[in-house]
1. Among the residues that make up region B:297-304, is at least one of them within 14 Å of another protein chain (Cβ to nearest Cβ) and part of a helix (DSSP H, G or I)?
2. Could we say that B:ALA60 is among the aliphatic types (A, V, I, L, M), touching a Gly at 6+ places or on another chain (Cβ under 6 Å), buried (at least 16 other Cβ atoms within 10 Å of the Cβ) and modelled with pLDDT of 90 or more here?
3. Can you find even one residue in region B:90-110 that is among the β-branched types (Val, Ile, Thr), surrounded by fewer than 24 Cβ atoms within 10 Å (Cβ to Cβ), without any contact (Cβ under 8 Å) to a residue 24 or more places away in the chain and in a helix (DSSP H, G or I)?
4. Just one of (1) crowded, with 22+ Cβ neighbours inside 10 Å; (2) of a type in the set (A, V, I, L, M); (3) not in a loop (DSSP other than H, G, I, E, B) trips up A:MET275, so point out which.
5. Give the residues of region B:136-195 that are more than 8 Å from chain A (Cβ to nearest Cβ), surrounded by fewer than 20 Cβ atoms within 10 Å (Cβ to Cβ) and on the phi > 0 side of the Ramachandran plot, sorted by residue number.
6. Here are A:VAL34, A:VAL57, A:VAL73: which of them is in a loop (DSSP other than H, G, I, E, B) and aliphatic (A, V, I, L, M)?
7. State all residues of region B:79-89 that are crowded, with 19+ Cβ neighbours inside 10 Å and under 14 Å from the mean Cα position of the chain (by Cα); if no residue qualifies, say none.
8. Within region A:177-195, does at least one residue satisfy the condition of being aliphatic (A, V, I, L, M) and closer than 26 Å to B:GLY171 by Cβ?
2 protein chains.
Amino acid sequence: MTGGAEWVLGVDSGGSGLRIALARAGSEERPSGVVCSAEPVRTGPSGIDAGHLLGQVLPAVRALLEAAGTRHVAAAAVGAAGMASLGDDLRARLPDTLADELGVRRLALAADAVAAYAGALGQRPGAVVAAGTGLIALGTDLGPSGIWRRADGWGHLLGDCGGGAWIGRAGLEAALRAHDGRGRGSTALLERVREKFGPPAELPGKLYPRTDRPAVLASFAPEVARCAPHDRVAARILSEAARNIAEAATAVCPREGDCFVAFTGGLLRLGPPLMQPLLAELTAQAPRARCTEAEGDPLDGALRIARALAADNLRFPVDGLMLHISERRSP
Amino acid sequence: MTGGAEWVLGVDSGGSGLRIALARAGSEERPSGVVCSAEPVRTGPSGIDAGHLLGQVLPAVRALLEAAGTRHVAAAAVGAAGMASLGDDLRARLPDTLADELGVRRLALAADAVAAYAGALGQRPGAVVAAGTGLIALGTDLGPSGIWRRADGWGHLLGDCGGGAWIGRAGLEAALRAHDGRGRGSTALLERVREKFGPPAELPGKLYPRTDRPAVLASFAPEVARCAPHDRVAARILSEAARNIAEAATAVCPREGDCFVAFTGGLLRLGPPLMQPLLAELTAQAPRARCTEAEGDPLDGALRIARALAADNLRFPVDGLMLHISERRSP
């Protein structure tokens with residue numbers, strides 16, 4: 001089997017930590033081993049700290065290589081949150097270090113959304129929406145002059161429309177509308193606020209001093225989904241979220257040809273109260289879109305990119321920021 | 001003239017500093033003197049710092065009294081932002097100190113919204129909306145068992161719907177929608193973003209690290225008003241803001257009898273693009289409301305409350321938090 005003896009490395013670096021996987025290059029089989037670290041890579045003055053990432057990745061890979069009975073990695077892909085804007089240190093230091101230490105000849109440095117895309121759709125043209133606390137959509141037509149199209153991902157004050165913080169915030173507002181006797185309020189959501197946060201009057205004091213306000217807002221999204229089947233206001237919040245999510249997906253869909261669309265991230269856990277209006281909105285806004293289950297997660301995506309590099313069949317747009325490729329000669 | 005020889009004191013304490021005015025008790029004529037301080041009163045562990053307030057108020061009043069050729073203040077009213085939730089130190093220390101130092105027999109401690117109400121409507125039943133960066137509505141029917149009704153004022157993440165930060169935020173979102181190619185975007189607002197903040201991609205980095213995010217958001221509200229006459233999306237943001245503001249006013253309007261409604265605060269400066277839909281919305285939502293110009297500002301309101309105390313004809317609800325009254329015997 002061509003490349004059956006080669007190994008590839010995938011790394012997924014995000015806000016909750018690192019995952020590192022070693023897999024065979026020549027097949028789509030599961031990784032031979034995965035190492036997880038709950039220590040998120042530090043961001044310093046020069047962006048994401050390459051030394052801190054390497055300090056966790058190198059020992060993990062050496063252990064994985066030893067367990068697999070090999071010593072070299074043919075290709076590697078690192079997907080990291082903030083790669084496009086904060087990845088300078090990674091782009092400067094990872095290619096040489098991974099070549100010297102692990103024999104990596106080909107390295108991809110990818111934005112987390114690119115890794116999510118690769119995991120969800122592989123090298124198919126379309127759009128992937130990654131929706132958790134925030135929300136970002138990424139699409140490509142994989143054409144010869146293809147680019148990555150991005151939509152939203154602007155954070156909880158400027159956008160992330162339809163994401164977890166957006167839904168939770170709208171739910172809290174609807175609860176306080178009911179508390180005040182203003183229009184468009186929901187007594188069902190007000191009841192959920194009382195149970196979850198205590199007296200409504202104390203809510204500002206519990207939210208504004210926090211540094212993780214988006215997460216606090218997003219923590220109320222499941223309550224909105226719980227109320228939606230029997231509360232008109234909650235249902236309307238989710239249908240408006242669905243409209244926003246479909247708008248982001250539609251904005252990045254390829255303009256012609258095939259268009260596969262997948263949704264990934266924690267927001268999917270809200271289930272049918274969100275997903276039913278979302279599929280209806282997507283059909284209305286992007287009739288060509290073919291909705292599909294995400295095949296894998298961002299770590300799967302990083303492994304797929306590494307395998308494509310090893311097999312020399314990477315078709316994703318390489319723009320140096322969302323996706324950066326470097327090559328080293330064999331030693 | 002009854003009470004013509006008596007003097008009253010009004011204080012307006014807010015985020016941008018202090019204003020202190022001395023006026024005759026028995027007439028509505030302008031204050032004989034006003035002292036302004038640009039030093040906002042500190043908030044400490046026990047709330048608004050009474051010592052810091054007194055340190056500014058006492059010398060100012062002594063100078064005003066001397067200029068007026070008198071030595072005693074019959075009644076005083078202090079309106080302060082945060083009075084209801086952070087006014088414990090003021091309620092504990094001001095009555096005795098002002099009685100001892102200035103001979104004040106009757107003292108009112110009022111939330112800033114109560115002072116704004118008194119300034120705008122005087123002792124008439126109705127609703128006042130104070131709208132600047134944030135938004136709060138306050139109403140009362142002045143009945144024998146009357147209460148203050150409050151609506152909104154929950155801050156930029158939970159409410160303040162229709163206020164300056166709300167309008168500016170919606171405008172920035174619409175600009176970024178156009179940037180992404182998402183639905184409901186405005187290229188006119190995107191152009192304003194470029195002029196005001198530079199490249200859209202840099203906007204998150206300019207907003208999120210700030211501690212005065214609501215003010216940054218509100219700084220874009222005038223651009224929305226400027227675009228509204230020729231941009232459908234901007235006009236829609238202002239009509240939705242108008243709907244929200246009218247909802248807050250309607251929620252606090254007296255349930256029966258007269259209902260005067262006044263709008264105060266910097267948001268009025270947005271002019272017809274906001275005020276025209278606002279008056280239409282208010283008519284639709286609260287047909288009994290009689291829209292009226294605000295007669296005065298919160299400092300005028302504090303003087304009015306002090307005059308009503310001196311003349312023993314205060315009709316506002318005294319609930320101990322929004323409005324707290326204390327009385328000391330004559331020395």
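The values are calculated or read from the model by the stated rules, or taken from the named source; none is laboratory data. Keep in mind it's a predicted model, so treat the numbers as computed, not measured. In this analysis, Cβ positions are derived from the backbone assuming ideal geometry, glycine residues included, and neighbour counts consider all displayed protein chains.
1. Quick first cut of region B:297-304, residues within 14 Å of another protein chain (Cβ to nearest Cβ) only: none.
Checked region B:297-304: no residue is within 14 Å of another protein chain (Cβ to nearest Cβ) and part of a helix (DSSP H, G or I).
2. no
3. Going residue by residue through region B:90-110, those that are among the β-branched types (Val, Ile, Thr) are B:97, B:104.
Narrowing the set further to residues that are surrounded by fewer than 24 Cβ atoms within 10 Å (Cβ to Cβ) leaves B:97.
Then drop every residue that is not without any contact (Cβ under 8 Å) to a residue 24 or more places away in the chain, which leaves none.
The answer is no; no qualifying residue exists.
4. The number of the failed condition is (1).
5. Across region B:136-195, the qualifying residue is only B:LEU142.
6. Details: A:VAL34 fails: in a loop (DSSP other than H, G, I, E, B); A:VAL57 fails: in a loop (DSSP other than H, G, I, E, B).
Of the residues listed, the single one that is in a loop (DSSP other than H, G, I, E, B) and aliphatic (A, V, I, L, M) is A:VAL73.
7. In the first step, residues of region B:79-89 are kept if they are crowded, with 19+ Cβ neighbours inside 10 Å; the result is B:79-81, B:83-84, B:87, B:89.
Of everything in region B:79-89, those that are crowded, with 19+ Cβ neighbours inside 10 Å and under 14 Å from the mean Cα position of the chain (by Cα) turn out to be B:GLY79, B:ALA80, B:ALA81, B:MET83, B:ALA84.
8. Of all residues in region A:177-195, those aliphatic (A, V, I, L, M) come to A:178, A:188-190, A:193.
With closer than 26 Å to B:GLY171 by Cβ added as a condition, the list becomes none.
There is no residue in region A:177-195 that is aliphatic (A, V, I, L, M) and closer than 26 Å to B:GLY171 by Cβ.
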